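The values are calculated or read from the model by the stated rules, or taken from the named source; none is laboratory data. Predicted model only: the values in this text are computed from it and were never measured. Here the Cβ positions follow ideal geometry from the backbone for every residue, glycine too, while neighbour counts run over all protein chains shown. In case anyone asks, the SASA skips ligands and DNA or RNA and just uses the protein heavy atoms, side chains included. Shrake-Rupley method; radii C 1.70, N 1.55, O 1.52, S 1.80 Å.
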Amino acid sequence: MPVPLRDSTANALRVLSSPSVHRHHNRGQVPLRRPSLLQQSAHLEPHADEKTFQQSSQQQQQQQQQQHLVLVGGGHAHAQVIKALNWASRPSDLKVTLIDQQSAASYSGMVPGCIYQRYTPDETLLHLQPLAEWAGIDFVHAKVVDIDLEQKLVRVATSPTTSGDANRHQTIPFDCISIDIGSTSRGLDDTPGAREFTIPTRPISKLVERIDRSIEEVIRDDEAQQPEAEADPRVVVIGGGAAGVELSMALNGRFRSQLPNKNTQVTLLDAGTELLPGESQRGREKLQQIMREQGIQVIHQSQVQELSENRIFASIDGKPTIIPYSHCVWATGAGAHPLAYRLQQKGLDATKHGWIRVNQHLQSTSHPFVFAAGDCCSIDNLPTPKAGVFAVRAGPVLIENLTAYLQQLRRRRANSGVMSPTDAEIEKVTLKKYVPQSDFLKLLVCGDGRALGLRFGQAFHGKWVMELKDKIDTNFMDLFRREHLTELKAGEEYDTSQYDSKMAAKTTLDPKEGAELLSRTDDDVDYQEAWSVIRTMADSEDYREQVLSFMGGTQTQEESEPTSAVAA
């Protein structure tokens, strides 16, 4: 009978059968196994008991020296970490575990396209289990309910037992932890009726599902000639940020294409005085023109106070107003995740709004062994919008800093001979700074096969912009699809390149030709050629200024709230 392991890590992980745990041994490495007593007795030698004891001690020492990195959440940044820290690239003594309560993560950049049926729901999902299996990473399919920062333990909820105990928890120890859990819908629980009667944008996977179901119900009632089907759809989107703008255009396209016999009215409620105030006047005017041509009504200075089943009670420019609706989407922006608030109560530095505070290395300002990326965190002295581009761009930096931190931890342990050197001893490790882009290409789905692009104070519009957005999004997702993952060979280096580093070559067009190309809105524009012009403008200030001079000059672009989830 095998002698049970005494290592706490092994014990904690071995019992994780509920929640679902998918274990994947490092390929090419033979797991350490203690010989059974029967095997020992069959090969008795002098001092066999002493040898067995020595082997057991060596095995326990190796297990104690093993490092454990835990990734909480399968967001945009962590997807890149999972791929980079595959079994062929990471040290043999590094164990990586991913924990997420969902088996697939939604890619936010493709959701508006999914709503107007350019993509299927599955095409917008990043499936975590196949990716983790390929990388040799354990995937724990469960909800994280707490993290003990003093004992370095993650507590996850298990499934209810047959005895009816629904409150059992399992713990997973770690040496270093990274958090990429996204955010929630802001104000959803603070506005009476919002959670009950609206479709919130988060979780994203539920957004698409609920919109599909709502439209199917309208079609079914219409076909059955139900009395309520006689009314035209009145769709209201609450929230005038980039997400609300995109959703209003995507919903407009979806309802009008699937219900051509209906006079659908889409209304966007915005708390401000204009849409996307941080963009140039040229960009704002182009957006207004597109939404006006689509028949989308925009109401500014709107403060929603309460919702009933089919009415919104709001203050419009200070005046009480009732807005009827048949479908309502809550797109007010991001709010902090409940887990982040819980960690804040346990001493983890966080802002007053609940965002995990990190430095430019994406490392907690209070606990050096904690890292965070994406919407759930706020970088000290470097405010960035809650947009997917920043999570995507943070991925390679997070990879470098996690591996550098763990390497320093490994060296300290080797030099000091102790399992856990103090934070003060390892917090001085040299890490890479994350420097977010000050300007990036914002791509907004228009719901009609076209998209609007905003950068350099300019507005680009047409089918080619949608084709460019599609290429960027699908290329990012293809990096993690099982059918595109290459066969691994031991000794490969970490991949810390940006996902689009090889996707667009520099243009051969002169500045005037480049300006003429970007100004076109016809369907014959080659999006790859247009993208090469945009990328060259980003890399060369001289080329950019010349192109802009032919497009009417540069316009000031102020910093603002989030405007997109896609970058180029």
Legend entry - For the range 519-532, 3J(HN,Hα) per residue [Karplus equation, 6.51 cos²θ - 1.76 cosθ + 1.60, θ = phi - 60°, Hz, x = Gly/Pro]: 7, 6, 10, 6, 7, 8, 5, 7, 5, 5, 5, 5, 5, 4
Legend entry - Rg/Rh ratio calculated on Cα atoms of the range 77-227 (Kirkwood radius): 1.06
Legend entry - Peptides 484-491, 194-201 ordered by average Cβ neighbours within 10 Å, highest first: 194-201, 484-491
Inset, instruction - Holding the Cα-Cα limit at 32 Å, pick out from 433/512; 262/469; 463/506 the pairs that are longer than that. - result: 433/512
Inset, instruction - Just reorder 470, 122 by solvent-accessible area, largest first, 1.4 Å probe, all chains present. - result: 122, 470
Inset, instruction - Measure off 7 Å from each Cα along the Cα-to-Cβ vector at residue 300 and residue 516, then give the distance between these two points in nanometres to one decimal. - result: 3.7 nm
Inset, instruction - List the residues whose amide H sits under 5 Å from the amide H of residue 461, counting only those 5 or more places along or on another chain, with H placed 1.01 Å from N in the peptide plane. - result: 453
Inset, instruction - Work out the length of the dipole vector of the range 506-549 about its Cα centre, built from +1 on the beta-carbon of each Lys and Arg and -1 on the beta-carbon of each Asp and Glu, and round it to the nearest 20 debye. - result: 160 debye
Inset, instruction - Subtracting the Cα-Cα distance from 0.36 nm times the residue separation, let me have the gained length for residue 92 to residue 310 in nm, one decimal. - result: 72.6 nm
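Take each of the peptides 402-411, 316-325, average the number of other beta-carbon atoms within 10 Å over its residues, and list them starting from the highest.
Highest-to-lowest ranking by the protection proxy: 402-411, 316-325.
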Inset, instruction - Grab the other residues whose beta carbon is less than 14 angstrom from that of residue 395, score K and R as +1, D and E as -1, and report the net. - result: -2
Inset, instruction - With a 1.4 Å probe and every protein chain kept in, tell me what percent of the accessible surface of the range 218-274 is carbon plus sulfur. - result: 43 percent
Legend entry - Average accessible area per residue (Å²) across the range 354-402 - probe 1.4 Å, nucleic acids and ligands excluded: 24 Å²
Legend entry - Percent accessible area from carbon and sulfur atoms, the range 315-378, protein chains only, probe 1.4 Å: 51 percent
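I'd like to check one number: the per residue accessible area of the range 169-299, probe 1.4 Å, reported in Å² as a whole number. Before the final figure, lay out each step's value.
Numbers: 5680 Å² over 131 residues.
Averaged over the residues of the range 169-299, the accessible area is 43 Å².
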Legend entry - Long-range amide H partners of residue 367 with built H, under 5 Å: 349
Inset, instruction - Search the structure for amide H atoms under 5 Å from the amide H of residue 147, placed 1.01 Å from N in the peptide plane, and list their residues when 5 or more places away or on another chain. - result: 155
Inset, instruction - Could you name the lysines whose alpha carbon sits less than 19 Å from that of residue 143, not counting residues in the same chain fewer than 8 places away? - result: 152, 206, 346
Legend entry - Residue-by-residue Karplus 3J(HN,Hα) for the range 115-122, coefficients 6.51, -1.76, 1.60, Hz, glycine and proline x: 4, 9, 6, 6, 10, 7, x, 5
Inset, instruction - Measure off 7 Å from each Cα along the Cα-to-Cβ vector at residue 319 and residue 274, then give the distance between these two points in nanometres to one decimal. - result: 2.3 nm
Inset, instruction - Would you kindly derive the ³J(HN,Hα) couplings of the range 273-289 from the backbone phi angles with the Karplus curve 6.51 cos²θ - 1.76 cosθ + 1.60 (θ = phi - 60°), listing them in order in whole Hz, with x for Gly and Pro? - result: 9, 7, 7, 6, x, x, 8, 5, 4, 4, x, 5, 5, 5, 5, 4, 4
Inset, instruction - Rounded to the nearest 0.05, what FRET efficiency do residue 506 and residue 415 give with R0 = 41 Å and r taken as the Cβ-Cβ distance? Could you check? - result: 0.30
Legend entry - Rounded, prolate or oblate (a/c below 1.5 giving rounded, otherwise prolate when a/b exceeds b/c) for the range 232-323 by Cα gyration tensor: oblate
Inset, instruction - Determine the percent antiparallel among the DSSP beta bridges restricted to the range 95-221, to the nearest 5. - result: 75 percent
Legend entry - Sequence ranges 364-373, 505-514, ranked by mean other-Cβ count within 10 angstrom, highest first: 364-373, 505-514
